[in-house]
Amino acid sequence: MRYVNKTLFYMKSLSAFILLLFVLNGSAQTKTTDSIDSLPVRGFCIAAPTTGRLASFIKFINEELAPRHINTLVLRVDFNYQYVSHPELRDRDALSNAQVKQLVAACRQHQIRLIPQINLLGHQSWAGQLSNLLRVYPDFDETPWVKMPEKYAWPNADGLYCKSYCPLHPGVHKVVFELVDEVCDAFETNAFHAGMDEVFYIGEEKCPRCGGRDKAELYAGEVWKIRNHLAEKGRQLWIWGDRLIDGKTTGIGMWEGSMNNTHRAVDLVPKDIMVCDWHYERPDKTPVYFAMKGLSVITCPWRMPNNATAQLKDMYDYRSAATAEMKPRFQGMMQTVWSDAGSFLDEFYGVKQPKAGETPANNTATNCFKAIFPVAAR
């Protein structure tokens, strides 16, 4: 009897294995019928142009983004706008309202959804320089005891990558929400990107307001606060996804994942946000993780065309194999560019070539963009 049961067990196991091979083989041979146009979000993210490059950037929208069927443009504005509510926070050569309206008109002409970004919570400094917010309002600083170095280096004793504002400071949201409202009105948008990536300073022990509090709850609380403010005017919140990934368990690490326990916020944040899931060194398949948590997600490459094309194929496969409930959460792709708009345009049009030995010639934001968003056939 024991022998018969054992034989039946092995027969069932073998049958299951053969069935699995059949399914996998069939799946591998099934050609995807998806095209880039089938993705709900076909996006491009870059710093908002300076006044001197506005005309050339609008030309880029008309002659490159539109023919490639880009339907979403995220512009990292931050303080590159002539805010009326807080003129003390403007960059020196900031875009005027009239210049922003030129961007709005160009995007509207091509049915491109225009989304402005201001970094909230994290990225309140870069290298040795404070952002305008903490420079003007130093009381908002989560770590005022960490002084900006004359010469920045990483790693450093303070663990300083970028400063954060304190999410529990009683005055910070009045200021930042006035900026958010003004820039959203100027861009005539129904969505706003709050950044919120690479937040290394949060819930620090020496902070008199949030020291000792749960970092995941602090992070999720800030997401909810921003989301609720936007929802009052029917706007959707977009954020980067790295702080919602467990960097240690996954091995993804401290940049594209969290090592300070904010990752547990993935179960606490609102489900109607858009997660921009960026992976630059490896095509990690974390969109499935976000979708299974009930969150809408887009994949965001940067400068490696091979990784980007693999990520694009994965997005097609996710949507093809997903249940009816899961498919709408796999929203698409967004090319990210981490330079100013002028430098990218110079690279794109061949005005400036990368220095010898600086980077492999193929690994550029331009080549990555062209690989996943070819010019549509006319």
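Data for the structure
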{"item": "Any pair with Cβ under 8 angstrom, 6 or more apart, that starts in the stretch 287-300 at a residue that is in contact (Cβ under 8 Å) with a residue 60 or more places away in the chain and crowded, with 22+ Cβ neighbours inside 10 Å and ends at one that is among the polar types (S, T, N, Q) and not in a loop (DSSP other than H, G, I, E, B)", "result": "Ile298/Gln331; Cys300/Gln335; Cys300/Thr336"}
{"item": "Pick from the stretch 171-203, criterion of a type outside the set (Phe, Trp, Tyr) and in contact with a Ser or Thr (Cβ under 7 Å, 6 or more places away or on another chain), ranking: farthest from Glu222 (Cα to Cα)", "result": "Glu182"}
{"item": "Subset of the stretch 151-173 (residues that are within 14 Å of Asp139 (Cβ to Cβ) and over 21 Å from the mean Cα position of the chain (by Cα))", "result": "Cys166, Leu168, His169, Pro170, Gly171, Val172, His173"}
{"item": "The stretch 86-99, subset over 24 Å from the mean Cα position of the chain (by Cα) and surrounded by 13 or more Cβ atoms within 10 Å (Cβ to Cβ), residue nearest to Ala55 (Cα to Cα)", "result": "Gln99"}
{"item": "Selected residue [in contact with a strand residue (DSSP E or B) (Cβ under 9 Å, 6 or more places away or on another chain), among the basic types (Lys, Arg) and at pLDDT 95 or above] from Lys313, Lys271", "result": "Lys271"}
{"item": "First in the stretch 154-170 and closer than 24 Å to Val223 by Cα and without any contact (Cβ under 8 Å) to a residue 60 or more places away in the chain, second anywhere and among the small types (Gly, Ala, Ser) and assigned to a loop (DSSP other than H, G, I, E, B), Cβ under 7 Å, 6 or more apart", "result": "Cys162/Gly122; Ser164/Gly122"}
{"item": "Selection status of His173, closer than 27 Å to Pro87 by Cα, in a helix (DSSP H, G or I) and not hydroxyl-bearing (Ser, Thr, Tyr)", "result": "yes"}
{"item": "Per-region count, the stretch 199-249, residues of a type in the set (A, V, I, L, M, F, W, C) and under 17 Å from Thr143 (Cα atoms)", "result": "6"}
{"item": "Residue count, the stretch 198-247 (criterion: in a loop (DSSP other than H, G, I, E, B), more than 16 Å from the chain's Cα centre (by Cα) and in contact (Cβ under 8 Å) with a residue 60 or more places away in the chain)", "result": "7"}
{"item": "Residues satisfying the stated conditions in the stretch 42-70, i.e. surrounded by fewer than 20 Cβ atoms within 10 Å (Cβ to Cβ) and part of a loop (DSSP other than H, G, I, E, B)", "result": "Thr50, Ala66, Pro67, Arg68, His69"}
{"item": "Positions within the stretch 48-79 being among the hydroxyl-bearing types (Ser, Thr, Tyr), in contact (Cβ under 8 Å) with a residue 60 or more places away in the chain and in contact with a strand residue (DSSP E or B) (Cβ under 9 Å, 6 or more places away or on another chain), in sequence order", "result": "Thr50, Thr72"}
{"item": "First in the stretch 361-378 and within 20 Å of Ser343 (Cα to Cα), second anywhere and of a type in the set (A, V, I, L, M, F, W, C) and at pLDDT 95 or above, Cβ under 6 Å, 6 or more apart", "result": "Asn363/Met304; Ala365/Val337; Thr366/Phe348; Cys368/Ala308; Ala371/Ala308"}
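Residues checked against (1) touching a Gly at 6+ places or on another chain (Cβ under 7 Å); (2) loosely packed, with under 13 Cβ neighbours inside 10 Å; (3) closer than 18 Å to Gly195 by Cα:
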position: Lys101; (1), (2), (3): no, no, no
position: Leu114; (1), (2), (3): no, no, yes
position: Trp126; (1), (2), (3): no, no, yes
position: Val136; (1), (2), (3): no, no, no
position: Glu150; (1), (2), (3): yes, yes, no
position: Ala157; (1), (2), (3): no, yes, no
position: Tyr165; (1), (2), (3): no, no, yes
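The values are calculated or read from the model by the stated rules, or taken from the named source; none is laboratory data. This is a predicted model, so every value here is computed, not measured. Every residue, glycine among them, receives a Cβ derived from its backbone with ideal geometry; neighbour counts consider all protein chains shown.
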